[in-house]
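A.B. asks: This structure is in structure tokens; I'll ask about it shortly.
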Amino acid sequence: MKKVWISALPHDEKLMPKILGLLRKYGLDVNGHFWTDDIKKMAWTASLEEMLKHEPDLWIIVGSDQELGTDTIRYGLSLLALAVQANKGPDFPIMILNSGQKLEPEILTTPLRNAMIIDVDNPALGAKVVAQVNIPRKKSTPEFRLDIHAHQSLGLWFELGPGEQDWDGILFGTFKGEIDAHGVGEAGKLPRTAVLEYQMKGIKLQSGDKEYIAWAVRNKLTPDLSYYVRVRDMAQSILFGPFSADDELDVHKMELF
């Protein structure tokens with residue numbers, strides 16, 4: 001039986017039973033939760049734990065343009081999406097059920113940019129969900145690895161590293177938010193100690209109308225070795241990539257709220 005996980009942004013106790021009942025009529029195993037908008041307490045991590053236990057084939061977000069336009073909700077969903085994609089693969093399907101005004105894809109953050117958007121009252125909703133959970137997924141090797149580690153006591157850490165090709169160092173920057181610690185260690189868990197090679201802090205990078213403040217190291221990174229960066233407050237946008245002394249950097253950018 002195919003499994004679906006639902007994150008409901010509005011606490012609408014009439015809408016959710018309607019959606020659950022519809023999808024269960026199509027033979028789907030459906031579970032979910034009401035979203036808690038509390039970035040400081042990292043409420044989204046509870047959603048991650050429950051979702052991964054359920055092992056869904058599709059993640060559905062129910063919400064309106066108003067909720068999806070709220071910075072804290074956008075940031076929490078972005079972090080959750082990055083963590084889920086790190087566990088389930090970058091092509092893990094996400095669907096957004098729009099319960100408000102017309103929702104333009106441009107409003108979505110980078111981790112949600114490929115989500116399918118459909119109105120919650122669309123008569124073809126059930127069939128479209130069934131189609132999504134049954135689409136064969138191709139295994140792909142991403143150019144980079146990106147995961148999230150969040151702990152009340154240790155803070156929010158981004159884990160980054162190469163996909164298949166080794167990197168001779170790495171650079172990571174934020175627009176808004178503040179980097180206050182970094183390290184290198186085994187992929188998948190925060191390092192206790194780290195030897196950093198040629199570490200650099202406070203690098204200013206201009207991209208479009210945004211000025212990013214970046215940190216970097218020259219440690220060699222492999223598919224089994226990661227760079228960890230702790231970020232305080234909410235980073236509206238991040239950029240990262242292999243370190244290069246050239247003026248032209250090959251970096252990836254992500255808008256998180």
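A.B. asks: Sort 129-138, 197-206 for me by packing, meaning the mean count of neighbouring Cβ atoms within 10 Å per residue, highest on top.
C.D. replies: Order by mean packing, descending: 129-138, 197-206.
A.B. asks: Could you calculate, for the range 67-202, the ratio of the Cα radius of gyration to the Kirkwood radius, expressed as Rg to Rh? Write down the numbers at each step before the final one.
C.D. replies: On the way: Rg = 18.1 Å, Rh = 17.7 Å.
Across the range 67-202, the Cα-based Rg/Rh ratio is 1.02.
A.B. asks: How many percent of the alpha carbon pairs in the range 114-158 exceed a separation of 17 Å?
C.D. replies: For the range 114-158, the share of Cα pairs beyond 17 Å comes to 62 percent.
A.B. asks: Is any residue of the range 66-105 close enough, with backbone N under 18 Å, to a label point placed 7 angstrom from the Cα of residue 33 along the Cα-Cβ axis, and if so, which?
C.D. replies: Hits in the range 66-105 for residue 33 at 18 Å: 72-88, 95.
A.B. asks: Also, quick follow-up: If you line up the long axis of helix 15-25 against the longest principal axis of the chain, both from Cα atoms, how many degrees apart are they, to the nearest 10?
C.D. replies: Around 80 degrees separate the two axes.
A.B. asks: Continuing with the same structure: Just the number, please: percent antiparallel of the DSSP beta bridges in the chain, rounded to the nearest 5.
C.D. replies: Around 70 percent of the beta bridges assigned by DSSP in the chain are antiparallel ones.
A.B. asks: What's the magnitude of the charge dipole for the range 134-257 around its Cα centre, counting Lys and Arg as +1 and Asp and Glu as -1 at the beta-carbon? Answer in Debye, nearest 20. Walk me through the numbers before you get to the answer.
C.D. replies: On the way: 15 positive and 19 negative charges, 95 e Å.
Taking the Cα centre of the range 134-257 as origin, the dipole is about 460 debye.
A.B. asks: Roughly how many Å² is the accessible area per residue of the chain, as a whole number, for a 1.4 Å probe? Walk me through the numbers on the way to the answer.
C.D. replies: On the way: 13300 Å² over 257 residues.
So the chain comes to 52 Å² accessible per residue, rounded to a whole number.
A.B. asks: Which whole-number percent gives the relative contact order of the range 4-126, counting Cα pairs below 8 Å spaced six or more residues apart?
C.D. replies: Normalised by residue count, the contact order of the range 4-126 is 26 percent.
A.B. asks: Quick one: give the max-minus-min coordinate of the C-alpha atoms of the range 25-66 along each principal axis, largest first, in Å.
C.D. replies: 37, 27, 13
A.B. asks: With just the Cα atoms defining each centre, how far is the range 1-75 from the range 201-249? Give it in Å.
C.D. replies: Rounded to whole Å, the Cα centres lie 32 Å apart.
A.B. asks: What share of the DSSP beta bridges in the range 72-211 is antiparallel, in percent to the nearest 5? Provide the component values of the computation, followed by the final result.
C.D. replies: Values: 10 of 14 bridges.
Of those bridges, close to 70 percent are antiparallel.
A.B. asks: Sticking with this structure for a sec: In the range 1-78, how does Rg compare with the Kirkwood Rh, expressed as the Rg/Rh ratio over alpha carbon atoms?
C.D. replies: Radius of gyration over Kirkwood radius for the range 1-78 works out to 0.97.
A.B. asks: Can you tell me, using C-alpha contacts under 8 Å and at least 6 residues apart, the relative contact order of the chain as a whole percent?
C.D. replies: After rounding, I find 17 percent.
A.B. asks: Counting only protein heavy atoms and a 1.4 Å probe, tell me what percentage of the range 26-133's accessible area is made up of carbon and sulfur.
C.D. replies: Accessible surface attributable to carbon and sulfur in the range 26-133 totals 46 percent.
The values are calculated or read from the model by the stated rules, or taken from the named source; none is laboratory data. Here the structure is a predicted model, which means the values were calculated and not measured. For neighbour counting, all protein chains shown are included, and Cβ atoms are generated from backbone atoms with ideal geometry for every residue, glycine included. Quick note on the areas: whole protein, heavy atoms, side chains included, nothing else; ligands and nucleic acids left out. Shrake-Rupley method; radii C 1.70, N 1.55, O 1.52, S 1.80 Å.
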